Each structure stands twice: as structure tokens, then as C-alpha cells.
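Please read the structure below before turning to the comments.
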Amino acid sequence: MKANGSSAYPSAPAGPGLNAAVERYYDTTLDLYEDLWGEHVHHGFWDAGERPGSDAERHAATDRLVRELVAFAGVPHGAHVLDVGCGIGGPALYLAGALGCSVEGVTLSAAQAARANEKAAAAGLAGRAHFHQRDALDNGYPDASFDALWAVESLMHIADRVAFFAEAMRLLRPGGVLAIATWSVRDGELTADEHRVVDQILRHQVMPSFSSLEEHERLAAAAGFTEVASADWSANVANSWEPTFAQVRELDNGRSMMRDLARDRGVDVLGFFYAGPLMLKGFETGAMTYGAVRATKPALEAAGY
């Protein structure tokens, strides 16, 4: 790995091929994630030493991660928010509901956008939460459109992270906040064994590379953000990949089921099943990390306007 924490070479196709691969992966796994993980397709958050328990506790942990990021980044009540990589809308519906925000969500997956809009309508939030199939870096929104830009476990799918931070700066209003929760890697060199685990995760999860939390901070600062900070949540989220949480069950006909899914949906769907053991190993070795990043677009007077 490079010293800055970014992958030395990509493990998923670059350019338009990457976007198509990400879209295909989430189109084909949408029902698997929703059936097993619920409406939040992301890690859960526990206090140090806590263990996953019942489904209710598992879902509470994913809800908590959203609240922790709101608090860490200081997302204000009633903000106009862009949710980059909105999935099926779980965090966005919390922002639109409990926090009174108006939310625009974008995802590469048409199936995810459609499901998120269905969920918004069912929750009575269709007036405050709208979801679209769009590229986050080619989104069509005007400059200074949003009070907050929210990205929960989506930045790993974007190869050009310099462009992401530049686009976030463009889209935010002066004083606007950037809130990121992301898979990441330890800053600095990884061993050969650690690199092999990380590379397998990248391949199976359709991600081009990982950056360290420190590299995210450096990129945000280079883009002009101020008040940049990160928090390492690795110890709080690692339980997400234990079988009692991920619930990728050992079924009687498990191998047969996986063959059928691969035949019907393509081999990319199998990445869903490989993720758990690989992520557990990554967290155990310390090669994989997870954290939050926050940053603020300078206010008008600070920016020299």
C-alpha cells in the first residue's frame, strides 16, 4: 500500500466501467441486504465491548451509527442535505423525519433509488426526501445548493476522491458541513498478507481503493475545507461482520443457493457472501479501519467574499 493509505493499484474497473459494476452489484444485492440488514445498508455502532444480540439490537446499532455521525459532524436540524450514495434511503429518512431536513439522495443503482422513494412514500416523507439515479460527480445540482453533504459508506466506491472533495466544496453553501462515514485502511504501509486481504475486499465489494482516515483529512483540507477532523470508529463497528449481526446464514442448501444466485444474477452477487469473513480478518489485523470525517466550507467572510 502507498504511505498515504490509498491502494497502490485499483481492484475494480476504473472510469465508466466502475460505475456500471457498482450499479450492477447493488441492483442484484438489494433484496439480500434489505432482508438481512434492514433499511440501513451500513455498519452498526456499539460501545466498546458490546456484542451484537437480537435483531432489534442489531437494527438499533445501525440507527445509532446515523445519530453518531449527525452529532459528530454537526448536521443542523432542518438542513437541505445531499445524500451521496443514499442506498435504499435509511439514513436519509432519519434526516428527513427526526431531524426535519429536506434530502436529495443520489445512487448509481436505479433499483435502490426506486426502493428509497417507495420507503419515503410509505413513511409519509415523500415531500422531504427524493431519490435519484445519478453519478455523484456529475449530479446536475447548482453551486451552493446544500447545507450539508452526507456520505455514509459510499466514498469507497468513488475512484477520484480529489474530485469528490472538490464537488462537495462546490455544492455546499458557505458554512455548510461535510459528514462522511467510511471504510478505510490503516495509514502507512501494510504487510503483504494485509494487502492480500484488503485487495480481496476491494474486488468482492466493487471498490477501486481505500484511503486512510488521515488521507481523507488531507484531501478535505487540500480542497479548501476548514475544521477538518476524523474519528476512528473501528472498535465500535467491527462487530457488524460477525455472523450474529451480518446474518449471512449457513443454510442447508447454502452452496446450491449461491450457485443459483450466481446463475440468475451474475457472479458479482457472491461478493455479498464473501464480505463477512474478509472484513472480520481485516479488522482483526488492524489493516481495515472505519471512521467518520467532518469538515466545514468556509463562511463568506472567511473565504474572502
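A short reminder: the numbers here are calculations on the coordinates, not readings from a lab. Values in this document were obtained by computation on a predicted structure and should not be read as measured data.
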Hey, can you grab everything whose amide H is under 5 Å from the amide H of Gly176? Only 5+ residues off in sequence or another chain; H modelled, so Pro and N-termini drop out. Lys297
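Between Val162 and Ala144, 0.36 nm times their residue separation minus their Cα-Cα distance comes to what?
So the extension gain works out to 4.6 nm.
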Determine the principal axes of the Cα atoms in the range 45-113, then give the extent along each, sorted from largest to smallest and rounded to whole angstroms. 35, 29, 17
For the range 80-88, what does the Karplus curve 6.51 cos²θ - 1.76 cosθ + 1.60, with θ = phi - 60°, yield as ³J(HN,Hα) per residue in whole Hz, taken in order and with x for Gly and Pro? 8, 10, 9, 9, 8, x, 6, x, 9
Between Glu118 and Glu50, what length in nm is gained on full extension when 0.36 nm per residue of separation is reduced by their alpha carbon distance? 21.1 nm
